[in-house]
1. Go through 131, 71, 93, 85 for me and flag whichever is surrounded by fewer than 18 Cβ atoms within 10 Å (Cβ to Cβ) and at pLDDT 95 or above.
2. Looking at 176, 181, 147 in this structure, which one is aliphatic (A, V, I, L, M), out of contact with any helix residue (DSSP H, G or I) (no Cβ under 8 Å at 6 or more places or on another chain), open to solvent by 30 Å² or more (accessible area, probe 1.4 Å) and assigned to a helix (DSSP H, G or I)?
3. Could you pull out the residue among 136, 161 that is free of Cβ contacts under 8 Å to residues at least 12 places away in the same chain and either open to solvent by 40 Å² or more (accessible area, probe 1.4 Å) or under 21 Å from residue 96 (Cα atoms) (or both)?
4. In region 68-90, which residues are in a helix (DSSP H, G or I), in contact (Cβ under 8 Å) with a residue 24 or more places away in the chain and farther than 16 Å from residue 136 by Cα?
5. Quick one: is residue 167 modelled with pLDDT of 95 or more, surrounded by 15 or more Cβ atoms within 10 Å (Cβ to Cβ) and of a type outside the set (D, E, K, R)?
6. Restricting attention to region 96-117, and to residues there that are outside any loop (DSSP other than H, G, I, E, B) and of a type in the set (Gly, Ala, Ser), which single residue is surrounded by the fewest Cβ atoms within 10 Å (Cβ to Cβ)?
Amino acid sequence: MHSKTKRLVTISLLSGISFVLGFTPLGFIPIPPANATTMHIPVIIGAILEGPVAGMVIGLIFGVSSIIQALLRPNILSFAFINPLVSVLPRILIGLVSYYSYWLVLKFFSSEKEKVSKWKESVSVGVSAALGTLINTAGVLGMMYLIFSERIATAMGVGTNAVGGVLLAIALTNGIPEIIIAVLICVGVIRAVKKAGY
């Protein structure tokens, strides 16, 4: 398959998966007061397989799905996700961070003369998945803190000085499982795709 065609097919397939995840319970897992997500996983896979622009495009679809999700299935923090600085920008950055962290770790582990081992490849994918997930969690919650601290305090019935702690608790309860799931799925998918001759 021609490389441009293959790239377009990969982006389309992963974008389609993002849409499906965005409009089914598989994409957003309610863990009050926010939603944990698996939608960052196609972004990471797309960035590793097809580069940062592909990852950014799939991330854009993830972000737009977050806005639609906030409008269709609101929770007490949905007002924040209607703002693209919260819902779209961090999701676009997942593609950049995932791609460049993958290649930096891979480059660190290998010399130009040796073939990359499956173990080194898996570690590179795992680091990329973890950092891509982390940029999603930190970016979304950081923007929420910067833009909506007072509204979050009101919505959750806490003082404004407690908002940072509340968002940190969300980061831990949602972010850690998201990282673990992303690492496991991304390593498995990338290994399978590369074994198939991608």
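The values are calculated or read from the model by the stated rules, or taken from the named source; none is laboratory data. This structure is a prediction, so every number in the text was calculated from the model and none was measured. In this analysis, Cβ positions are derived from the backbone assuming ideal geometry, glycine residues included, and neighbour counts consider all displayed protein chains. Note: accessible area is taken over every heavy atom of the protein model, side chains too, but ligands, DNA and RNA are not part of it. Shrake-Rupley method; radii C 1.70, N 1.55, O 1.52, S 1.80 Å.
1. Details: 131 fails: surrounded by fewer than 18 Cβ atoms within 10 Å (Cβ to Cβ); 71 fails: at pLDDT 95 or above; 93 fails: surrounded by fewer than 18 Cβ atoms within 10 Å (Cβ to Cβ).
Every option except 85 fails the conditions.
2. Details: 181 fails: out of contact with any helix residue (DSSP H, G or I) (no Cβ under 8 Å at 6 or more places or on another chain); 147 fails: out of contact with any helix residue (DSSP H, G or I) (no Cβ under 8 Å at 6 or more places or on another chain).
The match here is 176.
3. Working: 136 fails: free of Cβ contacts under 8 Å to residues at least 12 places away in the same chain.
Result: 161 is the single residue among 136, 161 that is free of Cβ contacts under 8 Å to residues at least 12 places away in the same chain and either open to solvent by 40 Å² or more (accessible area, probe 1.4 Å) or under 21 Å from residue 96 (Cα atoms) (or both).
4. 68, 69, 79 - these are the residues of region 68-90 that are in a helix (DSSP H, G or I), in contact (Cβ under 8 Å) with a residue 24 or more places away in the chain and farther than 16 Å from residue 136 by Cα.
5. Working: modelled with pLDDT of 95 or more: no; surrounded by 15 or more Cβ atoms within 10 Å (Cβ to Cβ): yes; of a type outside the set (D, E, K, R): yes.
In short, no.
6. Checked region 96-117; the qualifying residue surrounded by the fewest Cβ atoms within 10 Å (Cβ to Cβ) is 101.
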